[in-house]
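Trainee: Structure in structure tokens, see below.
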Amino acid sequence: MSTIIPDPVIASEKLPQSVDVVVIGGGIIGVSTALFLAERGVSVALCEKGLIGAEQSGRNWGWVRQMGRDPAELPLAMQSLALWRGLNERIGDETGFRQTGITYLCTNARETAAYEEWLEHARTYQIDSRLLRPNELQPLLPGMSSGFVSGLYTSTDGRAEPTKAAPAIARAAIRAGAHVMTNCAVRGVETSAGRVSGVVTEHGPIRCSSVVLAGGAWSRLFAGNLGIDFPQLKILGTVARVGPVAGVPDMPVGGDKFAFRKRVDGGYSIAMRNANVVPIVPDSFRLFADFVPSLIKQWHELKLRIGSRFLEEWRTPRQWKLDEISPFERVRVLDPVPVERFNQNGLLNVIKAFPAFANARIQQSWSGLIDVTPDAVPVIGPVDKIPGFFLASGFSGHGFGIGPGSGQLMADIVTGATPVVDPSPFRLERFSKSSTPVSRAAINDSRG
Ligand SMILES: Cc1cc2nc3c(=O)[nH]c(=O)nc-3n(C[C@H](O)[C@H](O)[C@H](O)COP(=O)(O)OP(=O)(O)OC[C@H]3O[C@@H](n4cnc5c(N)ncnc54)[C@H](O)[C@@H]3O)c2cc1C
């Protein structure tokens, strides 16, 4: 059984024969896309190989932020926050969203200077982020110990509940008319006269004119079988849950080596910030040139590790026929082993920063494989090579917060509506071998 059990979604038992759009993947991106399409009267089927929200979207920290993002993502982050604010009401369900603000604490001038630099982007978009001194931080962050020289604070950021959000959005999509199928892997896409004409699932075919691939960590493998080279690697992030603690902030707080967020059950999700494991896999060699600039920039926070994933991915077929069992049916839920040492050290660092956590004990640990692109910005757009095929993936450790806006943008692109934000920073072609990808990963926080 998976370590993370997202809230339930009652899925359809019968596969529709034909719809306008098939969405592959029931993470926050897929369910948001399905909701926006269904709300516009587009007939849509969403196929999820396991359970809704059981991979990254149910395993993340739950931070919903504009702060620290790549400028390319800021309009989408702002739009997403506008959606999150009204989402519980819009869907009549609980996503756990609360506009609490978020703070990043700094212990030295170097960290402060990096945030000062980022504030230029906040000013461009009139985001209310501010650098605060310790005396201004104290009233916002009860129980904070001394030792912090400043903090970047954004009052319009917030938090939501990973195990609740994607399932709640999926239930709303169903009420709006979407067919949502779980335990239903899509094996591949069928084309006719060069454009999308349907998908083949493990339970049979569905005819459609458009397909949105929102497969998270699986998107590169799926696209590869169609001859599309989507540069994507995976990074392991580890998280833990502790019980309720009194006298500490309601808002998510991060320092260089810790992060915490209050959960709707009253407890806290905690993690060691800037501590990610990069499993070395065959794709690490195939994509070495694409990722080397971001690897160099983020070297201090990445731990390269060769282990069982290398063999797992080595043994996974990269090509298969649609009448064969596909790799997506073999692993219903990616549930990697967490790095307990990171959680223990993360908790020690949380206690140092907020001593009221002293009696907190780790009650649950889990991890997730984060899908990353070379510039840490997602792809949201059409794949020109196959008309009717769209990609919404590569959210690089921060797709939960921009999930609703990304779903809206994808629905705009698929239906030909005016896009809610400029989609050009998210096009796939920026990675074409002829153009050199610019690595902005160092300023786009890799997680949270
Ligand atoms: C530890 C950790 C901390 C994070 N913290 C934050 C945070 O605080 N804030 C933030 O904004 N983001 C955060 N993120 C990132 C965020 O969780 C992801 O960017 C986001 O959830 C990606 O959503 P998704 O829908 O693209 O992918 P996923 O949630 O991974 O969903 C993809 C789904 O597609 C399904 N699928 C794949 N292939 C097929 C197929 N062929 N057929 C059917 N189904 C298929 C999979 O089973 C999966 O359920 C974090 C991630 C992790 C792991």
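Trainee: How tilted is helix 109-124 with respect to the longest principal axis of the chain? Cα atoms for both, answer in degrees (0 to 90, nearest 10).
Mentor: With both axes taken from Cα atoms, the answer is about 50 degrees.
Trainee: Further, regarding this structure: In terms of modelled amide H atoms, which long-range or inter-chain residues lie less than 5 Å from the amide H of Ile370?
Mentor: Ile235, Leu236, Gly237
Trainee: Follow-up question, since we're still on this one. List the aspartates and glutamates whose Cα sits under 15 Å from the Cα of Lys385, skipping any in the same chain fewer than 8 residues away.
Mentor: Lys385 reaches Glu190, Asp229, Glu429.
Trainee: When DSSP beta bridges are limited to those with both residues in the chain, what percentage is antiparallel, rounded to the nearest 5?
Mentor: Working: 46 of 67 bridges.
In the chain, DSSP labels about 70 percent of beta bridges as antiparallel.
Trainee: So, in nm, how far is label Ser308 from label Lys385 when the simple model puts each one 7 Å beyond its Cα toward the Cβ?
Mentor: About 3.3 nm separates the two model spin labels.
Trainee: Now for a separate question. For the stretch 295-367, with all protein chains present and a 1.4 Å probe, just round the carbon and sulfur fraction of the accessible area to a whole percent.
Mentor: Roughly 57 percent, rounded to a whole number.
Trainee: Which Cα, out of Gln408, Ile28, Ile206, lies furthest along the positive dipole direction of the chain (beta carbon charges, K/R +1, D/E -1)?
Mentor: Of the candidates, Ile28 comes out farthest on the positive side.
Trainee: List every residue whose amide H lies under 5 Å from the amide H of Phe258, counting only residues 5 or more places away in sequence or on a different chain, with H placed 1.01 Å from N in the peptide plane.
Mentor: For Phe258, the qualifying residues are Arg273.
Trainee: Related question: So which lysines can Lys14 reach, going by Cα to Cα under 27 Å and dropping same-chain residues fewer than 8 places off?
Mentor: Counting by Cα, and skipping residues close in sequence, Lys14 has these lysines nearby: Lys49, Lys164, Lys321.
Trainee: Quantify, in whole percent, the carbon and sulfur part of the accessible surface of the stretch 102-178 (1.4 Å probe; protein heavy atoms only).
Mentor: C and S fraction of accessible area: 52 percent.
Trainee: Using θ = phi - 60° and the Karplus relation 6.51 cos²θ - 1.76 cosθ + 1.60, list the HN-Hα couplings for the stretch 14-25 in order, rounded to whole Hz, with x at every Gly or Pro.
Mentor: So the Karplus estimates, Gly and Pro as x, are 10, 6, x, 6, 8, 9, 6, 10, 9, 9, 9, x Hz.
Trainee: Which is the longest part of the chain that has none of the chymotrypsin sites (Phe, Trp or Tyr not before Pro) sitting in a DSSP loop with at most 16 other Cβ atoms within 10 Å?
Mentor: 126-319
Trainee: Each residue of the stretch 278-290 in order: what ³J(HN,Hα) in whole Hz does its phi give by Karplus 6.51 cos²θ - 1.76 cosθ + 1.60, θ = phi - 60°, with x for Gly and Pro?
Mentor: Working through the residues one at a time gives 9, x, 7, 9, x, 5, 4, 7, 4, 9, 3, 5, 5 Hz.
Trainee: Could you compute the FRET efficiency for Gln99 and Ala193, with r as their C-beta to C-beta distance and R0 at 56 Å, rounded to 0.05?
Mentor: 0.70
Trainee: Here is a follow-up. Compute the FRET efficiency between Val331 and Ser424 as 1/(1 + (r/R0)^6), taking r as their Cβ-Cβ distance and R0 = 22 Å, and round to the nearest 0.05. Each step should come with its number before you reach the end.
Mentor: Values: r = 34 Å, r/R0 = 1.56.
With a Förster radius of 22 Å, E is 0.05.
Trainee: In degrees, nearest 10, range 0 to 90: what is the angle between the Cα axis of helix 28-39 and the longest Cα principal axis of the chain?
Mentor: The angle comes out near 60 degrees.
Trainee: Also, I was wondering about something else. List the residues whose amide H sits under 5 Å from the amide H of Cys184, counting only those 5 or more places along or on another chain, with H placed 1.01 Å from N in the peptide plane.
Mentor: So Cys184 has HN proximity to Glu48, Lys49, Gly50.
Trainee: Same structure, new question: Using the Karplus curve 6.51 cos²θ - 1.76 cosθ + 1.60 with θ = phi - 60°, what ³J(HN,Hα) values do you get for each residue of the stretch 141-156, in whole Hz, with x for Gly and Pro?
Mentor: Couplings: 10, x, x, 5, 7, 7, x, 9, 8, 6, x, 8, 10, 10, 6, 8 Hz.
Trainee: What is the gain in length, in nm to one decimal, between Thr107 and Phe288 on full extension, counting 0.36 nm per residue of separation less the C-alpha to C-alpha distance?
Mentor: Once the chain is fully extended between Thr107 and Phe288, it gains 61.8 nm.
Trainee: While we're looking at this one, here's another question. Based on Cβ point charges of +1 for Lys and Arg and -1 for Asp and Glu, what charge dipole magnitude is obtained for the chain about its Cα centre, in debye rounded to the nearest 20?
Mentor: Value, rounded to 20: 660 debye.
Trainee: Select from Phe426, Ala246, Leu233 the residue farthest towards the positive end of the dipole of the chain; place +1 on Cβ of Lys and Arg, -1 on Cβ of Asp and Glu, and compute about the Cα centre.
Mentor: Result: Ala246.
Trainee: Note the full-extension length gain between Glu116 and Lys352 as 0.36 nm times their separation in residues minus their Cα-Cα distance, in nm to one decimal.
Mentor: Working: separation 236, 0.36 × 236 = 84.96 nm, distance 2.50 nm.
Fully extending the segment from Glu116 to Lys352 adds 82.5 nm.
Trainee: When the chain is treated as a GNM, springs tying every alpha-carbon pair under 10 Å, which of Ala217, Ala360, Ala411 comes out with the largest mean-square fluctuation?
Mentor: Looking only at Ala217, Ala360, Ala411, the biggest GNM fluctuation is shown by Ala360.
Trainee: Something else now. Listed highest first by mean packing, meaning other Cβ atoms within 10 Å per residue, what order do 235-243, 333-341 come in?
Mentor: The most tightly packed comes first, giving 235-243, 333-341.
The values are calculated or read from the model by the stated rules, or taken from the named source; none is laboratory data. Computed from a prediction, not measured in an experiment: that's the story for all the values here. Ideal geometry is used to build each Cβ from the backbone, glycine not excepted, and the neighbour counts take in all protein chains shown. What goes into the accessible areas is simple: the full protein's heavy atoms, side chains included, and nothing from ligands, DNA or RNA. Shrake-Rupley method; radii C 1.70, N 1.55, O 1.52, S 1.80 Å.
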